[in-house]
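Accompanying notes for the structure given below.
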Amino acid sequence: MNFPSAPLAGIFGLGAPELLVILVILLVLFGGAKLPSLAKGLGQSIKEFKKASRDEEPETAKTAATKTPPPTP
């Protein structure tokens, strides 16, 4: 069997060589000092997005339940 090394690698069909090329390109574009801060910012963005999506679900359910049906003519 062939198991991907990272969970997302299997989803996108990327192997180790492709991930290595992407890492090298990122190092060239942003430099080694900027990559940790970029990764931290990306992680915080994903965390806030997940939190906001969890917070929105109960509110939409409440508003849908409290709406009154339109009057019948």
Vicinal HN-Hα couplings computed from phi for segment 36-45 (Karplus, 6.51 cos²θ - 1.76 cosθ + 1.60; Hz; Gly/Pro x):
x, 5, 5, 5, 5, x, 5, x, 5, 5
Can you give me the solvent accessible area of Ile46 with a 1.4 Å probe, rounded to the nearest 10 Å²?
80
Gained length - Ile22 relative to Lys50, 0.36 nm times residue gap less alpha-carbon distance
7.5 nm
Rounded to whole Hz, the Karplus (6.51, -1.76, 1.60) HN-Hα couplings of segment 16-28, x for glycine and proline:
4, x, 5, 5, 5, 5, 5, 4, 5, 5, 5, 5, 5
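The values are calculated or read from the model by the stated rules, or taken from the named source; none is laboratory data. Here the structure is a predicted model, which is why all the values come from computation and not from measurement. With ligands, DNA and RNA removed, areas are computed over all heavy atoms of the protein, side chains included. Shrake-Rupley method; radii C 1.70, N 1.55, O 1.52, S 1.80 Å.
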